[in-house]
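Trainee: Structure provided below as structure tokens; questions to follow.
The values are calculated or read from the model by the stated rules, or taken from the named source; none is laboratory data. The model shown is predicted, which means the values in this text are computed figures rather than measured ones. As a convention, Cβ positions derive from the backbone with ideal geometry for all residues, glycine included, and neighbour counts pool all protein chains shown. Remember, those area values only see protein heavy atoms, side chains included, never the ligands or the DNA or RNA. Shrake-Rupley method; radii C 1.70, N 1.55, O 1.52, S 1.80 Å.
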Amino acid sequence: MHAKTDSEVTSLSASSPTRSPRRPAYFVQSPSRDSHDGEKTATSFHSTPVLTSPMGSPPHSHSSSSRFSKINGSKRKGHAGEKQFAMIEEEGLLDDGDREQEPLPRRCYVLAFIVGFSLLFAFFSLILYAAAKPQKPKISVKSITFEQLKVQAGQDAGGIGTDMITMNATLRMLYRNTGTFFGVHVTSSPIDLSFSQITIGSGSIKKFYQSRKSQRTVVVNLLGDKIPLYGSGSTLVPPPPPAPIPKPKKKKGPIVIVEPPAPPAPVPMRLNFTVRSRAYVLGKLVQPKFYKRIVCLINFEHKKLSKHIPITNNCTVTSI
């Protein structure tokens, strides 16, 4: 470093007359030490131009060094902050890894097991229901027997005189369970025997259980006690017994032949009921139901009293 002389300062000030006059500068010399040989070999001076303040303030060398130290300090703080942030972030990642490795609570496993078991059980139940539904029971009405059918004069509940009917009949049917892996519980609605839209007898199937791949004959009693007919029971009155035909006398003249009276026409009756079957495939959870509606048309004849009247071909069985 070479110190500036007064002539150089003067020449600089003279060469730039248009510029504002510079403030006088002073130089600070500081000794430097040489640490190579451990001894003071020479004295060197370090001069730093410093501008003087108008108010005679101290030189700015301290301010520049303080700025430098602040910059260095801020850099050090920045590096320290970055290191601290990196450490915090690394700890967070480690914590996240530890959290991911933590096992799920027991409640989650229990809930997952319950949901999975419910879905599996529902699917299995649907399969059983679909397999059981086509295996419907088969019902065939065989015959009906009228043990008693009597019409006599009487009065209804209001005191009106009319014909009253008393009857007793037996209905036979064959019930067959076609299910291969389930039994059924069987009941029925009231079995109504009607004549001219008047119910003259009724009964019902007693509840029973039919095992898989089996059948039985079901017998139902139909009873009617003093049912008012209100003028429509004339055809139900049994005809009087035919009078004996007198023997013709041996006389001269034409022979008269007396024909017996024609038998009465059959009396139409209607049988109507519903057979209900319920299967317990999987306890009470899977219960297929089978409903059969049966309608039979019967032609009653007095001469067939106490005889079996086959009605298989006159019955209609419908699934509902």
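Trainee: Roughly how big is region 123-218's charge dipole about its Cα centre, with Cβ charges of +1 (Lys, Arg) and -1 (Asp, Glu), in debye to the nearest 20? Each step should come with its number before you reach the end.
Mentor: Numbers: 12 positive and 4 negative charges, 179 e Å.
My answer is approximately 860 debye.
Trainee: Rounded, prolate or oblate for region 126-167? Axes are the square roots of the Cα gyration tensor eigenvalues, ordered a ≥ b ≥ c, and the cut-off for rounded is a/c under 1.5.
Mentor: Note, shape of region 126-167 comes out oblate.
Trainee: Please work out whether region 134-241 counts as rounded, prolate or oblate from its C-alpha gyration tensor, where a ≥ b ≥ c are the square roots of the eigenvalues and a/c under 1.5 means rounded, while otherwise a/b larger than b/c means prolate and anything else oblate? Show your work: numbers first, answer last.
Mentor: Working: a/c = 3.77, a/b = 2.72, b/c = 1.39.
Judged from the Cα gyration tensor, region 134-241 comes out prolate (a/c at least 1.5, a/b above b/c).
Trainee: What does the extension gain come out to for Val115 and Tyr129, with contour length at 0.36 nm per residue minus their alpha carbon separation? Working shown, then result.
Mentor: Working: separation 14, 0.36 × 14 = 5.04 nm, distance 2.09 nm.
That pair, Val115 and Tyr129, stretches by 2.9 nm at full extension.
Trainee: Now for a separate question. If I model a spin label at Val295 and Val219 as a point 7 Å from the Cα along the Cα→Cβ vector, what separation in nanometres do I get?
Mentor: Each label point lies 7 Å from its Cα, and together they span 3.0 nm.
Trainee: Hey, any idea what the orientation-averaged projected area of the convex hull of region 152-203's Cα atoms comes to, in nm²?
Mentor: Values: hull surface 22.5 nm².
Mean shadow area of the hull around the Cα atoms is 5.6 nm².
Trainee: Would you check the accessible area of Ser319, probe 1.4 Å, heavy atoms only, in square angstrom rounded to 10?
Mentor: 60
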